[in-house]
Amino acid sequence: MPRDAQGYLVPGVISASRPVPSRIARPEYVGKPGPRAYAGDNTYSAEEIERIRESGSIAAQAIEAVAAAIRPGITTQQLDDVAFDFLVSHDAYPSTLGYRGYPKSVCTSLNEVVCHGIPDDTTLVDGDIINLDITAYRNGMHGDLNKTFIVGEAAPAAADLVQRTREALDRGIRAVAPGREVNVIGRAIESYTKRFGYGVIRDFTGHGVGAAFHTGLIIPHYDSAPAFADVMEVGMVFTIEPMLTMGTPERPGGYAWDQWGDGWTVTTKDKSWTAQFEHTLVVTERGADILTLP
Ligand code: MF3
Ligand code: CO
Ligand code: CO
C-alpha cells in the first residue's frame, strides 16, 4: 500500500468528502477559499468558555472513539469515517472539513508526517505511530486537540518520543499564567526536549482558538523571546501543540520539513519520526484550565 521501498509514506488515494447534514451549523469558511480575517480578541466570557469546553469535550471523545478503532490493517480513511460519524452524531461540525480546501474530518499523521496528514487508503502497520487531530465546531465555538497513538507495539525510541512529547505539552501548560508573555511556553517545552536531542518544529505553532479556528494569536513551541511577547490574561483561550522530531539536524530558523503536492501533508525532510500532542486551554488566575478533556 502507500509506502515506498524504504517504508516511507507516499500519497495514497483520497476519497470524496462526505456531506454534513444541513441541520448542523457550518463555520463561515466552509465553501469559501479561506476564513474571514478574525476581528475579535482572544479573551472570552465564562459563558463563551463553557461553549468552547463543550466543543472541546466532543472533539476529545471523538479522538477516543477513533483511537479505539486503531489496529494494523485499518486505513486512515476508515478512521476518518469514525471521526465524521462521531462528530455529526453529536451535532458538531468537523472544523477541518472544508477549511482552506482540506477534505476530511481528522488529520492522520503517521511516523515521519509532522502534521496535516490527509486520511486516504494508507493501512496502519504494527509499530507505526499515528497522530489524530480533531477540531469540533458547535454553538459557534471550535475546540481543537490532538494525540499520538502507537499501533500495536512501537520500537522503544518511538515509544519514548511519544511519551516525552506528551510530557512536553504538560510542561508547556504548566508555564501558563496571567501576566507572563506567551514565549515562556515554548521556553519550557524547548528546554525539556533539548536534553533528549530532539528537534522542535518552528513553522507550525499553537494558536488562539474559539470563535475562529485560528484567531491570529501565535504560540511558538521554541524559545522565541523577545518575540511573541503577548501577555497572557485571565480568560484568554489558545492551543499548545508541540511537534517534536527524533532527528537533530536544525536549519537556521528551525527543523527542516517538506510538503507533499496535496498542499497539506508535512513531513520531516530527513524522514525522522515525529510526534505531537495538543490541548485547547483557558488562562485562569492560577494557571491553565484544559478545555479539551473528554
Ligand atoms: N487542527 C489543526 C491545528 O491544530 C489544524 C488542521 S487544519 C487542516 O491547528 F485543515 F489541516 F485540517
Ligand atoms: Co491547533
Ligand atoms: Co489541532
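The values are calculated or read from the model by the stated rules, or taken from the named source; none is laboratory data. All of these numbers come straight from a predicted model, not from anything done at the bench. All Cβ positions, glycine included, derive from the backbone under ideal geometry; neighbour counts span all protein chains shown. To get the accessible areas, we keep the full protein, side chains included, count just its heavy atoms, and leave off ligands, DNA and RNA. Shrake-Rupley method; radii C 1.70, N 1.55, O 1.52, S 1.80 Å.
For the range 123-160, which residues satisfy the criterion of being within 16 Å of ligand 1 (Cβ to nearest atom) and of a type in the set (Val, Ile, Thr)?
Ile130, Ile134, Thr135, Thr148
Is it the case, given these coordinates, that Phe204 is of a type in the set (Phe, Trp, Tyr), in contact with a strand residue (DSSP E or B) (Cβ under 6 Å, 6 or more places away or on another chain), surrounded by fewer than 23 Cβ atoms within 10 Å (Cβ to Cβ) and under 22 Å from Ser45 (Cβ atoms)? Let's see the steps before the verdict.
Working: of a type in the set (Phe, Trp, Tyr): yes; in contact with a strand residue (DSSP E or B) (Cβ under 6 Å, 6 or more places away or on another chain): yes; surrounded by fewer than 23 Cβ atoms within 10 Å (Cβ to Cβ): yes; under 22 Å from Ser45 (Cβ atoms): no.
So Phe204 does not fit the description; no.
So, Gly140, is that one in contact (Cβ under 8 Å) with a residue 12 or more places away in the chain and open to solvent by less than 50 Å² (accessible area, probe 1.4 Å) or not? Give the steps one after another, and end with the answer.
Numbers: in contact (Cβ under 8 Å) with a residue 12 or more places away in the chain: yes; open to solvent by less than 50 Å² (accessible area, probe 1.4 Å): yes.
Spelling it out, Gly140 is indeed in contact (Cβ under 8 Å) with a residue 12 or more places away in the chain and open to solvent by less than 50 Å² (accessible area, probe 1.4 Å).
Return only the number of the condition from (1) touching a residue at least 60 places away in the same chain (Cβ under 8 Å); (2) within 16 Å of ligand 2 (Cβ to nearest atom); (3) within 17 Å of Thr274 (Cα to Cα) that Ala211 does not satisfy.
(3)
Please go through the range 215-268 and pick out each residue that is in contact with a Gly (Cβ under 9 Å, 6 or more places away or on another chain), outside any strand (DSSP E or B), open to solvent by 50 Å² or more (accessible area, probe 1.4 Å) and modelled with pLDDT under 95.
Matches in the range 215-268: Met246, Thr248, Pro249.
When only residues in the range 91-126 that are touching a Gly at 6+ places or on another chain (Cβ under 6 Å) and outside any strand (DSSP E or B) count, which is nearest to Arg166 (Cα to Cα)?
Here the answer is Asp126.
Among the residues that make up the range 90-100, is at least one of them over 18 Å from the mean Cα position of the chain (by Cα), at pLDDT 95 or above and over 15 Å from Ile134 (Cα atoms)?
Checked the range 90-100: no residue is over 18 Å from the mean Cα position of the chain (by Cα), at pLDDT 95 or above and over 15 Å from Ile134 (Cα atoms).
Can Leu291 be described as touching a residue at least 40 places away in the same chain (Cβ under 8 Å), open to solvent by less than 30 Å² (accessible area, probe 1.4 Å) and under 17 Å from Thr193 (Cα atoms)? Quick ask: steps written out before the conclusion?
Details: touching a residue at least 40 places away in the same chain (Cβ under 8 Å): yes; open to solvent by less than 30 Å² (accessible area, probe 1.4 Å): yes; under 17 Å from Thr193 (Cα atoms): no.
So Leu291 fails the test.
Scan the range 139-152 and give yes if some residue there is under 16 Å from the mean Cα position of the chain (by Cα), more than 16 Å from ligand 2 (Cβ to nearest atom) and assigned to a loop (DSSP other than H, G, I, E, B), otherwise no. Full working, then the answer.
Here is the first cut: in the range 139-152, the ones under 16 Å from the mean Cα position of the chain (by Cα) are 142-149.
Remaining after also requiring more than 16 Å from ligand 2 (Cβ to nearest atom): 149.
Narrowing further to those that are assigned to a loop (DSSP other than H, G, I, E, B): none.
Within the range 139-152, none of the residues are under 16 Å from the mean Cα position of the chain (by Cα), more than 16 Å from ligand 2 (Cβ to nearest atom) and assigned to a loop (DSSP other than H, G, I, E, B).
Look at the range 69-92 and say how many of its residues are open to solvent by 10 Å² or more (accessible area, probe 1.4 Å) and either touching a Cys at 6+ places or on another chain (Cβ under 7 Å) or charged (D, E, K, R) (or both).
Adding up the residues that qualify gives 4.
Spot the failing condition for Lys194; the list is (1) more than 28 Å from Tyr93 (Cβ to Cβ); (2) within 16 Å of ligand 3 (Cβ to nearest atom), and only one is missed.
All conditions are met except number (2).
Within the range 93-114, is even one residue surrounded by 21 or more Cβ atoms within 10 Å (Cβ to Cβ) and on the phi > 0 side of the Ramachandran plot?
Within the range 93-114, one or more residues are surrounded by 21 or more Cβ atoms within 10 Å (Cβ to Cβ) and on the phi > 0 side of the Ramachandran plot.
So which residues in the range 174-200 are surrounded by 19 or more Cβ atoms within 10 Å (Cβ to Cβ), modelled with pLDDT of 95 or more and in a loop (DSSP other than H, G, I, E, B)?
Within the range 174-200, Ala175, Val176, Val182 meet the criteria.
Given the criteria among the hydrophobic types (A, V, I, L, M, F, W, C) and assigned to a helix (DSSP H, G or I), does Ala62 qualify?
Working: among the hydrophobic types (A, V, I, L, M, F, W, C): yes; assigned to a helix (DSSP H, G or I): yes.
Considered against the rule, which asks whether it is among the hydrophobic types (A, V, I, L, M, F, W, C) and assigned to a helix (DSSP H, G or I), Ala62 comes out as yes.
For the range 101-112, state whether one or more residues are among the polar types (S, T, N, Q), farther than 16 Å from Arg71 by Cα and more than 10 Å from ligand 1 (Cβ to nearest atom). Lay out the reasoning, then the answer.
Here is the first cut: in the range 101-112, the ones among the polar types (S, T, N, Q) are 105, 108-109, 111.
When the remaining residues are screened for being farther than 16 Å from Arg71 by Cα, the result is 105.
Now narrow it down to the ones that are more than 10 Å from ligand 1 (Cβ to nearest atom): none.
No, the conditions are met nowhere in the range 101-112.
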